[in-house]
Structures are given as structure tokens and as C-alpha cells.
Amino acid sequence: PMNPYRVSLLALGLSLASAASAVIYVETEANDSFAAANPFPFAVGDQVQGTSTGSSVTTPGIASADYFRLGVAAGAPGIYRNVITLTGGTTNHTPTLRGFNQTGGVIGTTDSTLQTPATGAARATVFYSFGTAADLDYRVTGAAATTGTYTATYTSQTAIVPVDLGTVQEGSLTFSTVGQTTADTDFIVLDANFAQIPDFSNDDEPVPGTSLQSILTRTFAPGVYYVALSNYNTFGSLPVASDDGTGSGPVFRTAGFLANSSTTTNVDLDFTFTSSAGTQNVTSVKANAFDINFYKVTVAPVPEPASMAVLGLGLAAFRKRRAKK
């Protein structure tokens with residue numbers, strides 16, 4: 001199968017350098033809601049430590065949930081896979097990425113779970129960033145027996161090289177997983193600056209389709225685009241597109257991130273990519289929990305007809321002669 005990304009050795013070197021100057025932050029109560037979250041700048045190697053024996057969001061104290069607003073600093077533009085790993089305490093300490101709810105394509109303000117890692121000694125949450133500064137909402141809850149100190153460590157930030165689908169002409173492009181997989185899939189398109197483009201996404205195929213697979217057909221102007229693909233739920237900070245077959249799914253509170261909520265591995269994400277040049281069949285596999293696969297598409301202007309090019313040269317020469325007079 002096609003490898004969805006390659007590890008950047010440069011990014012690993014930067015990660016190791018950052019880890020050498022790691023900072024340990026300690027929670028302060030009452031940090032039991034978005035509004036009361038402890039704000040900490042967060043670089044690779046940094047840690048947050050705290051204690052929680054419950055999940056209350058109304059009663060401050062040790063039995064409350066612990067909220068953190070982790071500031072991911074700006075860096076070189078690109079696609080980065082980030083991992084925060086929770087250790088210590090007991091496996092009853094549960095970390096989650098947080099965001100807002102969405103109903104009928106309208107984003108609300110209700111605190112919602114975006115991602116919950118599998119239980120175990122090390123519980124890893126994963127999110128993708130793009131070199132822009134942004135705040136990540138992270139929460140840890142506990143249980144009556146979790147009196148020990150937990151530690152959340154910004155474990156890594158790895159640069160991802162998207163699979164290049166080549167150069168096509170401007171106009172209508174279609175990305176589709178329908179008939180290619182039985183997985184519930186999501187497409188999200190980013191612009192050349194890695195910003196999510198409004199209305200350029202698809203979860204469930206548009207009406208009259210009824211499947212949980214995805215069809216994204218849009219008119220693409222000249223430029224560079226990045227297509228994110230994974231299984232449900234894959235999300236950024238924008239609402240679902242107007243023609244999406246579903247209107248739900250929580251999203252990040254702030255722009256600058258993408259993430260996936262599924263712990264399922266080895267998911268078939270094969271898709272077709274159709275342009276004026278024809279249809280490509282692309283093999284794609286989600287290898288790990290929370291993975292998103294990324295693809296690059298360069299859209300070029302439609303070439304001018306030869307007659308128009310000659311006319312343009314003629315006009316240029318005519319203007320040049322007039323200018324000399």
C-alpha cells in the first residue's frame with residue numbers, strides 16, 4: 001500500500017533539542033472548565049503534572065476535572081503529527097482532547113470530547129498542527145483511587161510529507177471513497193497555507209447518496225491544496241459542508257489543528273481522484289490510532305489556446321512600437 005507519510009529527520013532533531021530544555025508545569029485549582037483552564041505554553045518535551053480523583057466540572061478541588069489550555073507555538077509551515085502521552089497515577093486517569101459540539105451544521109458552545117485514547121500505562125492523544133500558533137484544549141479526569149500524580153508529556157512533533165497526487169488543471173475535482181471501501185470516511189481540504197477551507201469537506205456522501213463514504217466535488221482555482229483523509233470522526237474547527245450527508249460531530253474550539261477520534265487501526269481508505277485528465281485510483285491505509293493521511297494536489301491554470309498566445313505576443317509588440325513613437 002502507498003505510504004501516507006514519511007518521517008522527517010529534521011523534525012526529530014528539533015524534537016530532541018526541545019526536549020533538552022523541557023519545562024514542567026504544575027496544575028493549580030480551580031481548573032475545572034474551559035474558562036478556568038490553566039494556560040501553559042507547550043513545547044516538545046514539556047510536561048504538565050496534576051492530581052485528580054474525579055470528573056466534576058461544577059465543584060472545584062481534587063475531585064474535579066483538570067483543564068489545560070496548551071499553547072502550541074508557531075513554527076515553519078508544514079504538516080506535523082503531535083503526541084501528548086499521559087503516564088503516572090493509574091490507568092483510571094483519562095486524558096481527552098476537548099472542543100465544541102455541532103448540531104445541524106451549527107457549532108455550539110458545549111464542552112465536548114474530541115478524542116479519548118485507549119487505556120493503559122501510557123495514554124497517547126494525537127493531533128495535527130500546521131506551523132501556526134494555536135491553543136489546544138486538554139483535560140484529565142480521575143477516579144476515587146487515583147490519588148497519585150499524573151504527568152502529561154508533549155512527546156513528539158513529527159513532520160509529515162504528503163503524498164503528491166500531481167498537477168491537474170483548474171476546474172472541477174472529485175475525491176471519492178464510495179465503492180472503494182466500507183469504512184466511514186472523512187475528507188477535509190486545506191489551502192496552500194494549511195488553513196481549512198470553508199465548505200471543502202465531506203463526511204457522508206451528499207444526497208441522493210446514502211452511504212457513510214465520502215464524495216467531495218468542488219471547483220478548484222489554481223494553487224496548491226492539501227487533502228486530509230481518515231475514518232470518522234476527522235475534524236478541524238469549521239462546520240460540516242453545506243451538502244454533507246451529516247450535520248454533526250464535535251470540532252476544535254480554535255483553528256490550527258486537525259484530529260481523528262478513532263482508535264481503529266489498519267483501516268482501508270482507498271479513494272479515487274477525478275480531474276479533467278481522468279480518474280486515479282489511490283491506495284490508502286490508516287495504519288495507527290488517530291492517524292490522518294495527507295495528499296498534495298497542485299492545480300494549474302488552463303493553458304491558453306495557441307491562437308490567443310500569438311495574439312497576445314502581437315499586441316505586446318504593437319504596444320512596444322507605439323511606445324517608441
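On inspection, Thr272 does not qualify as open to solvent by 30 Å² or more (accessible area, probe 1.4 Å) and over 13 Å from the mean Cα position of the chain (by Cα). For the stretch 159-244, the strands (runs of 3 or more DSSP E) that sit wholly inside it and include 1 or more residues that are under 28 Å from Ser112 (Cα atoms) and open to solvent by less than 30 Å² (accessible area, probe 1.4 Å) are 185-190, 196-202, 215-220, 223-231.
Within the bounds of the stretch 224-242, is there any residue that is over 15 Å from the mean Cα position of the chain (by Cα) and among the hydrophobic types (A, V, I, L, M, F, W, C)? Yes; the residues of the stretch 224-242 include at least one that is over 15 Å from the mean Cα position of the chain (by Cα) and among the hydrophobic types (A, V, I, L, M, F, W, C). Of the residues that sit in the stretch 83-95 and are in a strand (DSSP E or B) and open to solvent by 10 Å² or more (accessible area, probe 1.4 Å), which one is nearest to Phe257 (Cα to Cα)? My answer is Val83.
The values are calculated or read from the model by the stated rules, or taken from the named source; none is laboratory data. All of these numbers come straight from a predicted model, not from anything done at the bench. Calculation scope for accessible area: heavy atoms of the full protein, side chains included, ligands and nucleic acids excluded. Shrake-Rupley method; radii C 1.70, N 1.55, O 1.52, S 1.80 Å.
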